[in-house]
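The values are calculated or read from the model by the stated rules, or taken from the named source; none is laboratory data. Given the structure is predicted, the values throughout are model-derived calculations rather than measurements. Cβ placement follows ideal geometry from the backbone for every residue including glycine, while neighbour counts extend to all protein chains displayed.
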Amino acid sequence: MKDSTKAMFRKHGWRVDRFIHNYYYFLFYYPYVKISSIIVQSLKYLSWFKPLIPIGKMAFNRYHAKVLSREDALKIFTLNEDLRIISDKNKKIIPFKYATKIIFQEPEFIVVMDCPCKKSMHAPLDDINSCIAVGRNIGSFWLEHCQKYNPRKITQSEALEIIDRFRKKDHITQAFFKVATGGSTGVICNCHPDTCVSLQATRLAGGLDKGLTMTVKSGYSVSHDSERCILCGHCEEKCLFGAVKFTDGKRKYIADICLGCGLCEEACPEKALTLYVDPDKPLPLDLEALTRIHSRI
């Protein structure tokens, strides 16, 4: 048995079922997500079938993603010591029932691998190698078991370069949580609604129930400086979710729709936009703020 397999087994303890799920999830990453994408696409034809709502809630409680601003992603990719936060307080950041642990073990050990969502949805070849594992346990498993998905070890600065490259191409940054992989984060991906099963699941599940979501907002909204703004429309072009609209020369911002990804702020040529912590949204996954109230290991 390889060392990464032993580490995975120890992580799950007596839950051998979760170890098996975790093992085969990564071993057959592409077909697993391909089948999931087919199921997700079927939701567009089943919005009338309300008995699916409890099934959706059960699934989404176990698999979801937290949107990250670039600044919060930067804090992850410059972390130089282990961080382990297991608390009900995490549900203020990740408002789901099960997968809410914030754990980064050996965060300087980073691996990038092909994204099964992008592969399933025929993204450009240059975009496919974009899933990032932070930590030795996941990263070493990818390197030892997932060669068919082109894993490679990278530095923290290379990881941030990948994030920035995709953000310039209108991909948002997300931290993924899954019960089967230990209920914690550790995988950071670069996601676009056209090629992300998670984002599509959230959009299509809304036809069943507006409360069904797999996508947790970053915790930020966007303030607008009207004196700096030249109404160029860049923010509307960058917003993937329709939170910004220009009508009759006026800018309209819908905070409830905004995921707080920060793409519009980065694209604004006049620096007229600023992210701020919105008290009406889940708290940001801000490692500095977290470590002020939790102890490190």
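Results for (1) touching a Phe, Trp or Tyr at 6+ places or on another chain (Cβ under 9 Å); (2) at pLDDT 95 or above; (3) within 20 Å of Ala99 (Cβ to Cβ), shown as yes or no for each residue.
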| site | (1), (2), (3) |
| --- | --- |
| Ser221 | yes, yes, no |
| Glu237 | no, no, no |
| Thr247 | no, no, no |
| Thr274 | no, yes, no |
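Do we find that Lys245 is surrounded by fewer than 20 Cβ atoms within 10 Å (Cβ to Cβ) and within 27 Å of Lys169 (Cβ to Cβ) in this structure?
yes
Can we say Ser140 is farther than 30 Å from Val222 by Cα, surrounded by 20 or more Cβ atoms within 10 Å (Cβ to Cβ) and of a type in the set (S, T, N, Q)? Before you say what the answer is, go through the steps one by one.
On the way: farther than 30 Å from Val222 by Cα: yes; surrounded by 20 or more Cβ atoms within 10 Å (Cβ to Cβ): yes; of a type in the set (S, T, N, Q): yes.
Taking the combined requirement at face value, the residue satisfies it.
Taking the stretch 109-151 only, how many residues are in a loop (DSSP other than H, G, I, E, B), of a type outside the set (A, V, I, L, M, F, W, C) and either touching a helix residue (DSSP H, G or I) at 6+ places or on another chain (Cβ under 7 Å) or farther than 16 Å from His171 by Cα (or both)?
Total meeting the criteria: 3.
Among (1) in contact (Cβ under 8 Å) with a residue 24 or more places away in the chain; (2) over 16 Å from the mean Cα position of the chain (by Cα), where does Ser42 come up short?
(1)
Cβ-Cβ distance below 8 Å, separation of 6 or more or different chains: which pairs start in the stretch 86-110 with a residue that is in the same structural domain as Ala59 (by TED's automatic domain parsing) and polar (S, T, N, Q) and end on one that is surrounded by fewer than 21 Cβ atoms within 10 Å (Cβ to Cβ) and assigned to a strand (DSSP E or B)?
Sorted first by the residue in the stretch 86-110, then by its partner, the pairs are Asn90/Lys101; Gln105/Arg84.
Considering every residue within the stretch 154-173, establish whether at least one is part of a strand (DSSP E or B), touching a helix residue (DSSP H, G or I) at 6+ places or on another chain (Cβ under 7 Å) and within 24 Å of His64 (Cβ to Cβ).
Scanning the stretch 154-173, I find at least one residue that is part of a strand (DSSP E or B), touching a helix residue (DSSP H, G or I) at 6+ places or on another chain (Cβ under 7 Å) and within 24 Å of His64 (Cβ to Cβ), so the answer is yes.
Table: residues versus (1) at negative phi; (2) in a helix (DSSP H, G or I); (3) loosely packed, with under 14 Cβ neighbours inside 10 Å; (4) modelled with pLDDT of 90 or more.
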{"residue": "Tyr24", "(1), (2), (3), (4)": "yes, yes, yes, yes"}
{"residue": "Val40", "(1), (2), (3), (4)": "yes, yes, no, no"}
{"residue": "Ser47", "(1), (2), (3), (4)": "yes, no, no, no"}
{"residue": "Lys50", "(1), (2), (3), (4)": "yes, no, yes, no"}
{"residue": "Asp72", "(1), (2), (3), (4)": "yes, yes, no, yes"}
{"residue": "Lys91", "(1), (2), (3), (4)": "yes, yes, yes, yes"}
{"residue": "Lys97", "(1), (2), (3), (4)": "yes, no, yes, yes"}
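Taking only the stretch 185-207 into account, find how many residues are in a loop (DSSP other than H, G, I, E, B) and either among the hydroxyl-bearing types (Ser, Thr, Tyr) or touching a Leu at 6+ places or on another chain (Cβ under 6 Å) (or both).
Filtering the stretch 185-207 down to residues in a loop (DSSP other than H, G, I, E, B) leaves 185-186, 192-196, 206-207.
Going one step further and asking which of them are either among the hydroxyl-bearing types (Ser, Thr, Tyr) or touching a Leu at 6+ places or on another chain (Cβ under 6 Å) (or both), we end up with 185, 193, 195.
Matching residues across the stretch 185-207 total 3.
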